[in-house]
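Trainee: Below are the structure tokens for one structure; questions will follow.
The values are calculated or read from the model by the stated rules, or taken from the named source; none is laboratory data. The shown structure was predicted, so the numbers you read here are calculated from the model rather than taken from an experiment. Please note: Cβ atoms are built from the backbone with ideal geometry, for glycine as well, and neighbour counts cover all protein chains shown.
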Amino acid sequence: MSEILLEIDGQKVKAKTGMTVLEAAKAAGIRIPTLCYHEKLEPYGGCRLCIVELGAGERKKIVVSCVYLAEEGLVVTTRSEKIDRIRRTIIELYLAHAPDAFELLELAKEYGADRDRFAKEASFCVHCGLCVRYCAEVKKKFAVGFVDRGTRKEISFVPEIAAEECWDCKECFPLCPTEALQAAFVLMRALSL
Amino acid sequence: MDNDRVDQIIDKHNGEASSLIQVLLEIQSEHHWLPKSALERVGERLQVPRTRILHIATFYKAFSLVPKGRHEINVCMGTACHVRGAGRVLDVIEDVIGIKPGETDLELKFSLETVNCLGCCALGPVLEIDGTTHGKMAPGETADVLLNYE
Amino acid sequence: MAKINSPVELEEFRKAILNRRDPDKSCITLCSGSACNASGSAAVARCLEEEIEKQGLSESVEIRKTGCHGFCERGPIIVNNPGGVCYLQIQPEDVPEIISETAKEKRVIDRLLYTDPESGEKITHEGDIPFYKNQQRMVFGPNLSIDPKSIDDYLAIDGYAALSKALTGMSDIEVLEEVKKSNLRGRGGGGFPAGQKWEGSRNAAGEAKYVIVNADEGDPGAYMDRAILEGNPHSILEGLTLGAYAIGAHEGYVYVRQEYPLAVENLLLAIEKAEEYGFLGKNILGTGFDFKVIVHQGAGAFVCGESTALMTALEGRVGEPRPKYVRSNIKGLWNQPSVLNNVETWANVPLIINKGADWFTQFGTEGSKGTKIFSLVGKITNTGLVEVPMGTTLKDIIYKIGGGIPGGKKFKAVQTGGPSGGCIPENLLDLEVGFDELTKAGSMMGSGGMIVLDEDTCMVDVARYFIEFLTDESCGKCTPCREGLRQMLRILTNITEGRGQEGDLELLETLAETATEAALCALGKSAPNPFLSTLRYFRDEYVAHIEEKRCPALSCKELINFYIDPEKCRGCGSCLRKCPADAIIGGKKLIHIVDQDKCTKCGTCFDACPDKFAAVTKLSGVPVPAAVPEEERTIKKSK
């Protein structure tokens, strides 16, 4: 694996080929906020919080750092007025679902997000997919999955598999960025049907 | 739908996991909905996790996990129909048969769906019942069309 | 049928087909696309068959069921050959006369001809009707003369000549260069140069390469791809095979909407026939080139029109777009180089190879070459499919071809580009259509939907409509699209229902920026366009809804009331009889009153009131006047 050199927030950063911008930043101690990222899982690119700006001036473009691969000579900006504004809006959209989630409130403080900006939606789930993907990719049990699409999309346990696998595992619970309760609630509902 | 028939459909597609959607489409078109037993069989034969099948069966509009009514009403909500008053036609249908899009009435007589363009824009507003197109619908006439179905 | 094994054999076969045809034999062509079937063309076809039999003309008169002619407003259409006499809006009862008079005696039936609305003159030939006269039908033209179920019909109009020419007379690079030189841009949305896309795939490393037809035509109000799929499927297959040859692919896919059953049927038959004749399969035309095509049906998801989502769906998965920053022509289907173009793009390829890039580039503008098929629908006199050279003005399309707005109404805007497009107002009607021109105006070419809106259309409602559509069709993977659209729809619905607040527009603009900049795929990034373009050109309508609770177009149900003007009502009872909600109080010689509590605002009374009275009116932003007291409702004679 060869080494590449890129610039993140004015700092020269070394990375290996194949590393994403997010991984390169992490390795250099530069923090980029994420919700759907997990080091054991394939990059998902769903929460969009980890957006960064590439390049400079007119040709700047916004990408998500968890998917974008680090390149030699790349110039990355992790915070700007625009990025902060978009991150703030995304956090506010999440807070409409889970206004009391600790992780979200921390982010809200950092970005000045208003938890009441958008009308509330009665669901904790922010669709990061961590439970679904962890169960599939790490545990290979496929006990929990997504159903439906768009705004109706939600997580759902397969009762037959959950009854056998979930009680002794529950490793997905602590992954949930809003409330572990969410997974527990959906699991209970699946098993009581 | 029995497992033999499901197997036949799967065999037709050489039992390849990539043909999952095509297999489900065929079951849906023959049976008008996807029974749980058929989905389980498909999962076993194609070696696809149940979670993936359920996501597909709920993601795509063509599939239904519950039985459908004897008559399937599709109200076109394409742009041309929309600006020509399709919303008002849909209001009348909802009133007359008492269900919302995506629902089936208790007697299993009608299932109501909205579709995003049937491509008969010259005839808008359009509704389709059991594959027959009814064009240039006025809200006042819609109830009469529904009376023809038993 | 033995396979055709060389270009020479193909030309001999073609000659034999043409020789068998008697140019003097009576041939009735009837358009039999999905839209015409819906307006009764199948019944007309049955009658034609019966009547020909009945009049003993089976030997001398034949029927050819073609695909869509495009003039859907006046379908079903019959063209009588030789002579080309064109009849419109044919009903089964017209058939006996057509057979006895026109097919047999070659006499023209005046009442079935097109009447020019301006001059009042009858027009005999299809091509002379203003709707057709101002078009340039390069891709769509063959639909008029071929039965899509007959490969011989396609061969009779030089079908597969481009394939034969390319496989034997041109190297793969020459085919690629010709397409590059033509500057053909993708007709499905983005307008990416096809040749450049092909070249990327050709040069990319991969165990296998694929060519794919995007036939998942999902834009509401757009059906040009269906018309080609149904009416001329071989042209798509020929284009696809040429693309495969140019990039070195041996397998192709057609991803077609399941909502288009006739398209699927005709396509499958075309593939079967092309294999039988040796235009597809192993050793095509004896040249050693192998290529097979597989049809994959979609299952109802608009997002699958997005290229990476489509490829994911082809792999048998949920159609979510891929988040990766690598082009699908480098790593696409099964992670292999894959060229995906839409139906119309592929159908252009045989023309370019046959007639050359120089011929192709004489049509169009600097940046957009060739022609484009538009689906002209909505509040327009001549609904239908029109093909014009790029660079034609919107005004010419809407007025010269489309015949303007029906019912004496005023034009307000034209929506182009489907749900990701935008609305263009009247003062920009001189805009020449082209990829870059439309984008500059805040809209886009998209796949070619063109929805005409008149003064009765509320622009806030149009924005709400498209955002609702996209909310329903969002795959739900990324937050700016799933949650952003959910909130945008909520705010827009509030505005159209009279609950708009100060600050709503700013909030919508913030959400729009978030989706545009941070959404995962093109669907999400372009989703705010319907809002942004209507805000850009029709801000006053938003303001009227929010500040005055008034819908200027008198369209938003929650903001209007139906009211019968007591001065104008003549007590005819038309509205009372038709009201489905029993919301009209009236009686013989009495002024009728709308019971506002019962009224469902369906508008039936408004349509039912005779034009000479025009007593039913719509009110918005003002209170409904108190009803005339019961004792004063008798209509006096003197009025």
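Trainee: From the list C:D430, C:D461, which residue is within 13 Å of chain B (Cβ to nearest Cβ) and over 18 Å from the mean Cα position of the chain (by Cα)? Reasoning before the result, please.
Mentor: Working: C:D430 fails: within 13 Å of chain B (Cβ to nearest Cβ).
Every option except C:D461 fails the conditions.
Trainee: Can you tell me which of (1) more than 14 Å from every other protein chain (Cβ to nearest Cβ); (2) surrounded by fewer than 17 Cβ atoms within 10 Å (Cβ to Cβ); (3) touching a residue at least 12 places away in the same chain (Cβ under 8 Å); (4) not hydroxyl-bearing (S, T, Y) is the one C:K598 doesn't meet?
Mentor: Just one mismatch for C:K598, condition (1).
Trainee: Residues B:D105, B:D91, B:D95: which one is farther than 30 Å from C:T416 by Cα, in contact with a helix residue (DSSP H, G or I) (Cβ under 9 Å, 6 or more places away or on another chain), charged (D, E, K, R) and within 9 Å of chain C (Cβ to nearest Cβ)? Full working, then the answer.
Mentor: Working: B:D105 fails: within 9 Å of chain C (Cβ to nearest Cβ); B:D91 fails: farther than 30 Å from C:T416 by Cα.
Unique residue meeting the criteria: B:D95.
Trainee: Given the structure, is C:L489 within 13 Å of chain A (Cβ to nearest Cβ), touching a Gly at 6+ places or on another chain (Cβ under 8 Å) and either buried (at least 24 other Cβ atoms within 10 Å of the Cβ) or in contact (Cβ under 8 Å) with a residue 24 or more places away in the chain (or both)? Let's see the steps before the verdict.
Mentor: Numbers: within 13 Å of chain A (Cβ to nearest Cβ): yes; touching a Gly at 6+ places or on another chain (Cβ under 8 Å): no; either buried (at least 24 other Cβ atoms within 10 Å of the Cβ) or in contact (Cβ under 8 Å) with a residue 24 or more places away in the chain (or both): yes.
When the stated conditions are applied, C:L489 does not pass them.
Yes or no, residue by residue, for (1) loosely packed, with under 15 Cβ neighbours inside 10 Å; (2) touching a Ser or Thr at 6+ places or on another chain (Cβ under 8 Å):
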{"site": "B:Q8", "(1), (2)": "yes, no"}
{"site": "B:E16", "(1), (2)": "yes, no"}
{"site": "B:I27", "(1), (2)": "no, no"}
{"site": "B:G43", "(1), (2)": "no, no"}
{"site": "B:V48", "(1), (2)": "no, no"}
{"site": "B:I53", "(1), (2)": "no, no"}
{"site": "B:T58", "(1), (2)": "no, no"}
{"site": "B:F63", "(1), (2)": "no, no"}
{"site": "B:I73", "(1), (2)": "no, yes"}
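Trainee: If you take the residues of region A:112-134 that are among the aromatic types (F, W, Y) and more than 13 Å from chain C (Cβ to nearest Cβ), which of them is farthest from the chain's Cα centre (by Cα)? Break it down stepwise before answering.
Mentor: Step one: filter region A:112-134 for residues among the aromatic types (F, W, Y), giving A:118, A:124, A:134.
Next cut, more than 13 Å from chain C (Cβ to nearest Cβ) only: A:124, A:134.
Numbers: A:F124: 15, A:Y134: 13 Å.
Selected residue: A:F124.
Trainee: Okay, next question. Looking at A:R133, A:R149, which is the one that is touching a Ser or Thr at 6+ places or on another chain (Cβ under 9 Å) and basic (K, R)? Walk me through it before giving the result.
Mentor: Numbers: A:R133 fails: touching a Ser or Thr at 6+ places or on another chain (Cβ under 9 Å).
The conditions single out A:R149.
Trainee: For region A:40-49, how many residues are away from chain C (no Cβ under 11 Å) and either surrounded by 24 or more Cβ atoms within 10 Å (Cβ to Cβ) or under 17 Å from A:K82 (Cβ atoms) (or both)?
Mentor: Number of matching residues: 0.
Trainee: Can you tell me which residue is nearest to C:M445 (Cα to Cα) among those in region C:180-197 that are out of contact with any Asp or Glu (no Cβ under 9 Å at 6 or more places or on another chain) and basic (K, R)?
Mentor: Among those that are out of contact with any Asp or Glu (no Cβ under 9 Å at 6 or more places or on another chain) and basic (K, R), it is C:R185.
Residue-by-condition table, conditions (1) under 30 Å from C:A626 (Cβ atoms); (2) in a helix (DSSP H, G or I); (3) assigned by TED's automatic domain parsing to the domain that holds C:A626:
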residue: C:N494; (1), (2), (3): yes, yes, no
residue: C:G500; (1), (2), (3): yes, no, no
residue: C:L505; (1), (2), (3): no, yes, no
residue: C:A515; (1), (2), (3): no, yes, no
residue: C:G524; (1), (2), (3): no, yes, no
residue: C:L532; (1), (2), (3): no, yes, no
residue: C:F538; (1), (2), (3): no, yes, no
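Trainee: I would also like to ask the following. With respect to C:V343, is the statement that it is over 25 Å from C:I146 (Cβ atoms) and among the β-branched types (V, I, T) true? Talk me through it step by step, then tell me what you get.
Mentor: Numbers: over 25 Å from C:I146 (Cβ atoms): no; among the β-branched types (V, I, T): yes.
When the stated conditions are applied, C:V343 does not pass them.
Trainee: Next up: Would you confirm, using the coordinates I've provided, whether B:R50 is over 21 Å from C:V264 (Cα atoms) and either touching a residue at least 12 places away in the same chain (Cβ under 8 Å) or not basic (K, R) (or both)? First the steps, then the outcome.
Mentor: Details: over 21 Å from C:V264 (Cα atoms): yes; either touching a residue at least 12 places away in the same chain (Cβ under 8 Å) or not basic (K, R) (or both): no.
Here the answer is no, as B:R50 does not meet what is asked.
Trainee: So in region C:276-302, with the set limited to residues that are aliphatic (A, V, I, L, M) and at the interface with chain B (Cβ under 9 Å from one of its Cβ atoms), which one is farthest from C:A522 (Cα to Cα)?
Mentor: As a first pass, look at region C:276-302 and keep what is aliphatic (A, V, I, L, M): C:280, C:284-285, C:293-295, C:299, C:301.
Remaining after also requiring at the interface with chain B (Cβ under 9 Å from one of its Cβ atoms): C:299, C:301.
On the way: C:A299: 20, C:A301: 15 Å.
If we take residues in region C:276-302 being aliphatic (A, V, I, L, M) and at the interface with chain B (Cβ under 9 Å from one of its Cβ atoms), then C:A299 is farthest from C:A522 (Cα to Cα).
Trainee: State whether the residues of region A:50-67 include one that is basic (K, R), assigned by TED's automatic domain parsing to the domain that holds A:K14, part of a loop (DSSP other than H, G, I, E, B) and surrounded by 19 or more Cβ atoms within 10 Å (Cβ to Cβ). I'd like the intermediate steps shown before the answer.
Mentor: So in region A:50-67, the residues basic (K, R) come out as A:59-61.
Among the residues that remain, those that are also assigned by TED's automatic domain parsing to the domain that holds A:K14 are: A:59-61.
Narrowing further to those that are part of a loop (DSSP other than H, G, I, E, B): A:60.
Then drop every residue that is not surrounded by 19 or more Cβ atoms within 10 Å (Cβ to Cβ), which leaves none.
Checked region A:50-67: no residue is basic (K, R), assigned by TED's automatic domain parsing to the domain that holds A:K14, part of a loop (DSSP other than H, G, I, E, B) and surrounded by 19 or more Cβ atoms within 10 Å (Cβ to Cβ).
Let's see how each residue does on (1) crowded, with 20+ Cβ neighbours inside 10 Å; (2) within 14 Å of chain A (Cβ to nearest Cβ); (3) within 27 Å of C:L438 (Cβ to Cβ); (4) under 30 Å from the mean Cα position of the chain (by Cα):
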residue: C:A515; (1), (2), (3), (4): yes, yes, yes, yes
residue: C:C521; (1), (2), (3), (4): yes, yes, yes, yes
residue: C:S526; (1), (2), (3), (4): yes, no, yes, yes
residue: C:E547; (1), (2), (3), (4): no, no, no, no
residue: C:P552; (1), (2), (3), (4): yes, no, yes, yes
residue: C:K557; (1), (2), (3), (4): no, no, no, yes
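Trainee: Continuing with the same structure: Among (1) within 14 Å of another protein chain (Cβ to nearest Cβ); (2) farther than 22 Å from B:K12 by Cβ; (3) touching a Leu at 6+ places or on another chain (Cβ under 9 Å), there is one condition C:N335 misses while meeting the rest; what is its number?
Mentor: Every listed condition holds for C:N335 apart from (3).
Trainee: Just for region B:125-145: of the residues that are touching a Ser or Thr at 6+ places or on another chain (Cβ under 8 Å), crowded, with 23+ Cβ neighbours inside 10 Å and within 9 Å of another protein chain (Cβ to nearest Cβ), which one is nearest to C:G70 (Cα to Cα)?
Mentor: Of everything passing the filter in region B:125-145, B:V126 is nearest to C:G70 (Cα to Cα).
Trainee: Related question: Taking the condition away from every other protein chain (no Cβ under 12 Å), free of Cβ contacts under 8 Å to residues at least 40 places away in the same chain and surrounded by 20 or more Cβ atoms within 10 Å (Cβ to Cβ), does A:C176 pass?
Mentor: On the way: away from every other protein chain (no Cβ under 12 Å): yes; free of Cβ contacts under 8 Å to residues at least 40 places away in the same chain: no; surrounded by 20 or more Cβ atoms within 10 Å (Cβ to Cβ): yes.
Against the criterion (away from every other protein chain (no Cβ under 12 Å), free of Cβ contacts under 8 Å to residues at least 40 places away in the same chain and surrounded by 20 or more Cβ atoms within 10 Å (Cβ to Cβ)), A:C176 does not qualify.
Trainee: With the requirement that a residue be within 22 Å of the chain's Cα centre (by Cα), away from every other protein chain (no Cβ under 13 Å) and closer than 25 Å to C:V264 by Cβ, what does region C:175-234 give you?
Mentor: Listed by number, the residues that qualify are C:G186, C:R187, C:G188, C:G189, C:A194, C:I212, C:V213, C:N214, C:N232, C:P233, C:H234.
Trainee: May I pose another question? Restricting to region C:58-81, count the residues that are touching a Gly at 6+ places or on another chain (Cβ under 7 Å) and not in a strand (DSSP E or B). Give the derivation first.
Mentor: So the first thing to find is which residues in region C:58-81 are touching a Gly at 6+ places or on another chain (Cβ under 7 Å), and the list is C:66-68, C:70-73, C:76.
With not in a strand (DSSP E or B) added as a condition, the list becomes C:67-68, C:70-73, C:76.
The total comes to 7.
Trainee: For region C:250-292, name all the residues that are within 22 Å of C:G200 (Cα to Cα) and in contact with a Ser or Thr (Cβ under 8 Å, 6 or more places away or on another chain). Before you say what the answer is, go through the steps one by one.
Mentor: Going through region C:250-292, the residues within 22 Å of C:G200 (Cα to Cα) turn out to be C:250-255, C:289-292.
Hits for region C:250-292 are C:G252, C:F291.
Trainee: Of the residues in region A:115-147, how many are at pLDDT 95 or above and among the acidic types (D, E)?
Mentor: Final tally of qualifying residues: 1.
Trainee: Going residue by residue through region C:82-98, is there one that turns out to be surrounded by 15 or more Cβ atoms within 10 Å (Cβ to Cβ), over 27 Å from the mean Cα position of the chain (by Cα), outside the structural domain of C:G169 (by TED's automatic domain parsing) and not in a helix (DSSP H, G or I)?
Mentor: Within region C:82-98, not a single residue is surrounded by 15 or more Cβ atoms within 10 Å (Cβ to Cβ), over 27 Å from the mean Cα position of the chain (by Cα), outside the structural domain of C:G169 (by TED's automatic domain parsing) and not in a helix (DSSP H, G or I).
Trainee: Go through region C:124-176 and tell me which helices (runs of 4 or more DSSP H), entirely inside it, have 3 or more residues that are outside the structural domain of C:I397 (by TED's automatic domain parsing) and surrounded by fewer than 18 Cβ atoms within 10 Å (Cβ to Cβ). It would help to see each step written out before you state the result.
Mentor: Details: elements: C:130-133, C:151-156, C:161-169.
The helices (runs of 4 or more DSSP H) meeting that bar are C:161-169.
Trainee: Another question, if that's okay. Is at least one residue of region C:562-575 without any contact (Cβ under 8 Å) to a residue 40 or more places away in the chain, part of a helix (DSSP H, G or I) and within 14 Å of chain B (Cβ to nearest Cβ)?
Mentor: Looking for residues that are without any contact (Cβ under 8 Å) to a residue 40 or more places away in the chain, part of a helix (DSSP H, G or I) and within 14 Å of chain B (Cβ to nearest Cβ), one finds at least one in region C:562-575, hence yes.
Trainee: Moving to a separate point now. Identify all residues within region C:7-38 that are small (G, A, S) and modelled with pLDDT of 95 or more; write none if there are none. Before the answer, list the steps.
Mentor: Our first condition is that a residue be small (G, A, S); within region C:7-38, this holds for C:16, C:26, C:32-35, C:38.
Across region C:7-38, the qualifying residue is only C:A16.
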